[in-house]
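Please read the structure below before turning to the comments.
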Amino acid sequence: MNHQTDPQTEEKINWFAELRGLAIMLLAVLAFHSLVAKPFYIPSTSMMPSLYVGDRLVVSKYPYGWSWASASFHMLPRGEWRVLGSNPEYGDIVIPVHPTRNEDYIKRVVALPGDTIEVRDGRIILNGVPVKREIVPPVRIPFEPELLCDSSLGKRACLENFDRYRVTGADGTDYFEPETYRETLPNGATYLVIDHTNQPLDNFGPQVIPEDHVFVMGDNRDESADSRAPAEARGLGGAIPMENIGGRAEFITFSLDGSTTWNPASWFSSLRGDRAWTTLRPPIAEGYETEE
């Protein structure tokens, strides 16, 4: 004997409960994204050789407290407030927001509140003392012609400014080997920088860093619109208020070389396997004490 279900007796979907559950889930994701951590994509060469175009990072939101810049998608109005605020350390890689546009940058902290910073011929001078800078063997950057960046003229090869440093390795692979230096800041934080041409931003200051501000620069000194550059020239216009910093870069999750297409095979071949899970906290040079 067949039994037919009466449509009127079927359980109806509770759309209010479904939508409420979806809203709670979205709010939880938004809260995590604003208060704990968020992903970040590197779109330019300003932080090479530490960060490549195509790197995907995790940015933590809590190391310096929370402010309007912490909120996802810049939903909060700008303000001069911070909750549980603290200052970065020399060498931290941070996420400052442009002073007039809701646009995230990524730069390295090179001067703290109370410091006097000056840049002469590309050399950082802190409180009258040149920051230690040594010539090191050039970094080897892969030649990736499919890696494209935005410019005022449209898309262009991201690494075209390194063309004169292009070499062919013994294995027949092309690389760029630009002039490279190792800088070491007063706390021992050490990292590599690229500085290969003379340009206006090689000279800046002196400037005293106000309270609750930091001065930031890109590791690729010739291609970084940072605290040295005026805001109207897409720079950060001097020292950055701490409430304009939305977090600290922690580590790379994965990296793509620009060759990804709709072909699923390219999803794996375009991965830069040696960059995954690389920490972005600067090492401390020998002879320097770390804070407990």
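The values are calculated or read from the model by the stated rules, or taken from the named source; none is laboratory data. The structure displayed is predicted, hence computed values, not measured ones. Cβ sites come from the backbone with ideal geometry, for glycine too, and all protein chains shown count toward neighbours. With ligands, DNA and RNA removed, areas are computed over all heavy atoms of the protein, side chains included. Shrake-Rupley method; radii C 1.70, N 1.55, O 1.52, S 1.80 Å.
Summary of computed values
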{"quantity": "Accessible-area order (highest first, 1.4 angstrom probe) of the listed residues Trp66, Trp277, Trp267", "calculated": "Trp277, Trp267, Trp66"}
{"quantity": "Among beta bridges that DSSP assigns inside the chain, antiparallel share in %, nearest 5", "calculated": "100 percent"}
{"quantity": "For Tyr90, solvent-accessible area (1.4 Å; no DNA, RNA or ligand), Å²", "calculated": "30 Å²"}
{"quantity": "GNM flexibility winner over the chain from Thr45, Thr168, Thr190 (Cα, springs under 10 Å)", "calculated": "Thr168"}
{"quantity": "Gap separating the Cα centres of the range 248-292 and the range 50-125, nearest whole Å", "calculated": "19 Å"}
{"quantity": "Carbon and sulfur %, accessible surface of the chain computed with the full protein complex present, 1.4 Å", "calculated": "57 percent"}
{"quantity": "Rounded FRET efficiency, nearest 0.05, which uses the C-beta distance separating Phe32 from Arg120 and R0 of 35 Å", "calculated": "0.20"}
{"quantity": "Anisotropy class of the chain from Cα gyration tensor, a/c 1.5 cut", "calculated": "oblate"}
{"quantity": "Difference of contour (0.36 nm per residue) and Cα-Cα distance, Arg166 to Ser266", "calculated": "33.5 nm"}
{"quantity": "Rounded to the nearest 10 Å², the accessible area of Lys107 at probe 1.4 Å", "calculated": "10 Å²"}
{"quantity": "Protection proxy ranking, peptides 193-202, 222-231, average beta carbon neighbours within 10 Å, highest first", "calculated": "222-231, 193-202"}
{"quantity": "Order of exposure, largest accessible area first, which applies to Phe32, Phe40 with probe 1.4 Å", "calculated": "Phe32, Phe40"}
{"quantity": "With DNA, RNA and ligands ignored, accessible area of Met75 (1.4 Å probe; Å², nearest 10)", "calculated": "110 Å²"}
{"quantity": "Rounded if a/c under 1.5, otherwise prolate or oblate - the range 79-153, Cα gyration tensor axes", "calculated": "oblate"}
{"quantity": "By accessible area with a 1.4 Å probe, ligands and nucleic acids excluded, highest first: order of Leu271, Leu57", "calculated": "Leu271, Leu57"}
{"quantity": "Backbone HN-Hα couplings from phi across the range 49-59 [Karplus 6.51/-1.76/1.60, Hz, Gly and Pro as x]", "calculated": "x, 5, 10, 9, 4, x, 5, 10, 10, 10, 10"}
{"quantity": "Average accessible area per residue (Å²) across the chain - probe 1.4 Å, nucleic acids and ligands excluded", "calculated": "55 Å²"}
{"quantity": "Nearest 10 degrees, 0 to 90: helix 15-35 Cα axis against the chain principal axis", "calculated": "10 degrees"}
{"quantity": "Compactness relative to 2.2 N^0.38 Å, alpha carbon Rg of the range 1-124", "calculated": "1.71"}
{"quantity": "Dipole magnitude of the chain, debye to nearest 20 (Cβ charges: Lys/Arg +1, Asp/Glu -1, about Cα centre)", "calculated": "320 debye"}
